[in-house]
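The structure under discussion appears below in the form of structure tokens.
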Amino acid sequence: MRKPMLAGNWKMHKTIAEGKQFINEFLPLVTNETTKDIVLCPTFTSLHVLSNELKGTNVELGAQNVFWEEKGAYTGEISPVMLKDVGCNWVIIGHSERRTVLAENDLTINRKLKAALDTELIPIFCVGETLQERENNRALEVVKEQLTNGLKDLDIKQNGIVIAYEPVWAIGTGINASCTDAQEMIGYIREYLGKIFNEDFAKTIRILYGGSVKPENIAEFMNKEDIDGALVGGASLTPDTFADIVRFDKNV
């Protein structure tokens, strides 16, 4: 059985004070949710303070990005060693906003994945197609290419990586892929991972869905065979809303 995982990506939201207030309200709501991995990914500026707030709790800390070198003359970047030092266990890599807004490509994403794995950070590796690519019947091709290039030459131990399928057209738009659409793609991802690695290994890799996930639809996604959780954006910014998503099995 793959352990369910609910991860909140705060993107460029919340000051340190706002983050602390969120934690104070959120933790009591999920303290009994010990059968799931719960991860919060705040901004870099909040990582140190929130790391202290989360110590000894059932909520883990993740970062939204990482650089591929341990140290050096890379102004403005954050190394995987620094993320481990501040208390992160997880890091989001290859999010569509990094790809489209900040021009990240498969090569840089592959280097970041390798750096994270070498530092024993667990990557949440994002893949997904745009609306135009889906309308042109290229969704499977695009995701396959992202997986092939992103995972090239990586040595991944069991439970060492999580894949997040995020159709770009469903992120922050209020439009979510149907449960059937999500299961079809995530099932394909798992099948393709079996070819890159092996079938037994692919069965253990957790694959999340992301894209306008809300308390009202999370249970439907979680009922699908290959969907193991969610990478949540806007709905993770409000404590009770994200708590309701985490407690999806209580709302069925």
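Of the trypsin sites (Lys or Arg not before Pro) found in the range 148-252, those that fall in a DSSP loop while having at most 11 other beta-carbon atoms within 10 Å are 157.
Sort 67-78, 1-12, 20-31, 159-170 by the packing proxy (mean of other Cβ within 10 Å over each peptide's residues), most packed first. Present the calculation step by step, with values, prior to reporting the outcome.
Numbers: 67-78: 11.9, 1-12: 18.5, 20-31: 16.2, 159-170: 22.2.
Going from most to least packed, we get 159-170, 1-12, 20-31, 67-78.
Indicate the gyration tensor shape class of the range 163-247 (rounded, prolate or oblate), computed on the Cα atoms with a ≥ b ≥ c the square roots of the eigenvalues: a/c under 1.5 is rounded; otherwise a/b larger than b/c is prolate and the rest oblate. Taking the square roots of the gyration eigenvalues as a ≥ b ≥ c, the range 163-247 is prolate.
Protein heavy-atom accessible surface, 1.4 Å probe, per residue over the range 193-252: 42 Å². Restricting the calculation to Cα atoms, the range 108-201 yields a radius of gyration followed by a Dmax of 13.7, 39 Å.
Accessible area of residue 83 (1.4 Å probe, protein heavy atoms only, ligands and nucleic acids ignored): about 0 Å².
Partners of residue 3 within straight-line reach, counting lysines whose Cα lies under 22 Å from its Cα and excluding those fewer than 8 residues away in the same chain: 36, 55, 157, 203, 214, 224, 250. Once the other residues with Cβ under 14 Å from the Cβ of residue 148 are scored (Lys, Arg +1; Asp, Glu -1), what is the net sum? Once positives and negatives cancel, what remains is -2. Excluding ligands, DNA and RNA, what is the solvent-accessible area per residue of the range 47-117 at a probe of 1.4 Å, expressed in Å²? Per residue, the range 47-117 has 49 Å² of solvent-accessible surface. Gain on full extension, evaluated as 0.36 nm per residue between residue 101 and residue 184 minus their Cα-Cα distance, stands at 27.1 nm.
Only Lys, Arg, Asp and Glu carry charge here, each on its Cβ (+1 for the first two, -1 for the last two); on that basis the range 53-194 has a dipole of about 160 debye about its Cα centre. Dipole size of the chain about its Cα centre, with +1 on Lys/Arg Cβ and -1 on Asp/Glu Cβ: approximately 320 debye, rounded to the nearest 20. Given in Å, the Rg to one decimal and the Dmax to the nearest whole number for the Cα atoms of the range 23-99 are 13.7, 44.
What's the long-distance tail for the range 1-58, i.e. % of Cα pairs beyond 13 Å?
Values: 1023 of 1653 pairs.
Value for the range 1-58: 62 percent of Cα pairs lie more than 13 Å apart.
Projecting the Cα atoms of 47, 12, 35 onto the charge dipole of the range 1-70 (Cβ charges, centred on the Cα centre) puts 35 farthest toward the positive pole. Shape index of the range 95-148: Rg/Rh, with Rg the Cα radius of gyration and Rh the Kirkwood radius from the inverse mean 1/r over Cα pairs, equals 1.02. Loop-located GluC sites (Glu not before Pro) in the range 169-252 (DSSP state other than H, G, I, E, B) with a sparse environment of at most 14 neighbouring Cβ atoms within 10 Å: 216, 225. Where the centroid of each part is defined by its Cα atoms, how far is the range 93-170 from the range 5-65 in Å? Comparing the Cα centres of the range 93-170 and the range 5-65, I get a distance of 23 Å. The share of accessible area on the chain that comes from carbon and sulfur is 49 percent, using a 1.4 angstrom probe. Toward the positive end of the charge dipole of the chain, with +1 on the Cβ of Lys and Arg and -1 on the Cβ of Asp and Glu, the farthest Cα among 180, 217, 202 is that of 202. Per-residue ellipticity at 222 nm from helix content only, as computed over the chain with -39500 (n - 2.57) for each DSSP H run of at least four residues, stands at -11500 deg cm²/dmol. One quarter of the convex hull surface built on the alpha carbon atoms of the range 158-206 amounts to 3.8 nm², the projected area averaged over directions.
The values are calculated or read from the model by the stated rules, or taken from the named source; none is laboratory data. None of the values given here were measured: they were computed from a predicted structure. Neighbour counts run over all protein chains shown; Cβ positions are idealised from the backbone, glycine included. The area values use the complete protein model at the heavy-atom level, side chains included, leaving out ligands, DNA and RNA. Shrake-Rupley method; radii C 1.70, N 1.55, O 1.52, S 1.80 Å.
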